[in-house]
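First up is the structure itself, then whatever we jot down about it.
The values are calculated or read from the model by the stated rules, or taken from the named source; none is laboratory data. Note that the coordinates shown come from a computational prediction; the quantities given were computed from them, not determined experimentally. For neighbour counting, all protein chains shown are included, and Cβ atoms are generated from backbone atoms with ideal geometry for every residue, glycine included.
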């Protein structure tokens, strides 16, 4: 089990876009109960099953397992809660830190968020100009909640 | 993904008990929604994460993955819905077929059920005298429901 410490920001402008191609993700949920979310994800030919506990500040328990891509696709197509989340993930370097920028599609089109993973909750990091409002603790932006309440309906 | 066809019976008497020791199971659920149950199980030093779809007759979709035992125990201790199910499983041979007999403990003490796995829904099999009432389609006996409504409270 790993503890995951992440901070999340809304993205403003297009300066973050670089030449690197993004990776297309499909992800869905077998449980969106916040105490125990269970996520199915396919990305670039790989499948993953991820269990997360409840967040305590920016920290939460996480267990992730690689599974056969065919299993992941079958669960996404027939078992997961509807709708599935689809997004393209870009990895963007900024002054020695790597950010993950997620540009959503489908029912969440128009939403772009950037996440940075930290070693501790109080770790300092340089903040790029395209990292706008911080939404780490805003539950509307949790992927699990973007299913029941997608961005286009806000 | 495997399709699982099982029939389940209440057990009567003690004739099924043989010399073989049973294996102690602990299991809990990350989702008990019937369209997508997610089970965590530890047994004899091994951990498993199992995803099941909704039952259509005696058939349901099942995906099972072995996970580190420490992960399974941590999820059982801190993430799964309460209470955890605890039971001892015995494998009992009868005229060429192997039955799994589950003797429950804790909040479900007193309940003993026997399951047989079949290749098709209409496969014939010899029925031992200790296999009593069939409860295959009785949702009260689904493991997921034995958490919210344990046997001792019936």
*Would you mind finding the one in B:86, B:100 that is in contact (Cβ under 8 Å) with a residue 12 or more places away in the chain, under 14 Å from the mean Cα position of the chain (by Cα), within 30 Å of residue A:55 (Cβ to Cβ) and surrounded by fewer than 19 Cβ atoms within 10 Å (Cβ to Cβ)?*
B:86
*Collect the residues in the stretch B:101-148 that are part of a strand (DSSP E or B) and more than 16 Å from residue B:26 (Cβ to Cβ), keeping them in residue-number order.*
B:101, B:112, B:113, B:114, B:115, B:116, B:117, B:131, B:132, B:133, B:134
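In this structure, is residue B:42 more than 10 Å from chain A (Cβ to nearest Cβ) and within 24 Å of residue B:118 (Cβ to Cβ)? Please lay out each step first, then the result.
Working: more than 10 Å from chain A (Cβ to nearest Cβ): yes; within 24 Å of residue B:118 (Cβ to Cβ): no.
Considered against the rule, which asks whether it is more than 10 Å from chain A (Cβ to nearest Cβ) and within 24 Å of residue B:118 (Cβ to Cβ), residue B:42 comes out as no.
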*Do we find that residue A:85 is touching a helix residue (DSSP H, G or I) at 6+ places or on another chain (Cβ under 9 Å), within 30 Å of residue B:62 (Cβ to Cβ) and within 14 Å of chain B (Cβ to nearest Cβ) in this structure?*
no
*Across the stretch A:10-39, which residue is surrounded by the fewest Cβ atoms within 10 Å (Cβ to Cβ) among those that are within 14 Å of chain B (Cβ to nearest Cβ) and not in a loop (DSSP other than H, G, I, E, B)?*
A:39
*Since residue B:81 meets every condition but one in (1) part of a loop (DSSP other than H, G, I, E, B); (2) at pLDDT 95 or above, which condition does it not meet?*
(2)
*Just one of the numbered conditions (1) modelled with pLDDT under 95; (2) in a helix (DSSP H, G or I) is not true of residue B:87; which one?*
(2)
*asked:* Out of everything in the stretch A:62-75 that is more than 7 Å from chain B (Cβ to nearest Cβ) and closer than 21 Å to residue B:76 by Cβ, what residue ends up being modelled with the lowest pLDDT?
replied: A:62
*Meets criteria (within 11 Å of another protein chain (Cβ to nearest Cβ), more than 15 Å from the chain's Cα centre (by Cα) and modelled with pLDDT of 95 or more) for residue B:2*: no
*Tell me which of these residue A:62 doesn't satisfy, since it passes every other one: (1) surrounded by fewer than 17 Cβ atoms within 10 Å (Cβ to Cβ); (2) touching a helix residue (DSSP H, G or I) at 6+ places or on another chain (Cβ under 8 Å); (3) part of a strand (DSSP E or B).*
(2)
*Which of the residues belonging to the stretch B:45-60 are more than 7 Å from chain A (Cβ to nearest Cβ) and under 19 Å from residue B:115 (Cα atoms)?*
B:50, B:52, B:54, B:55, B:56, B:57, B:58, B:59, B:60
*Could you run through the stretch A:119-134 and say how many residues are under 23 Å from residue A:54 (Cα atoms) and either over 17 Å from the mean Cα position of the chain (by Cα) or crowded, with 17+ Cβ neighbours inside 10 Å (or both)?*
5
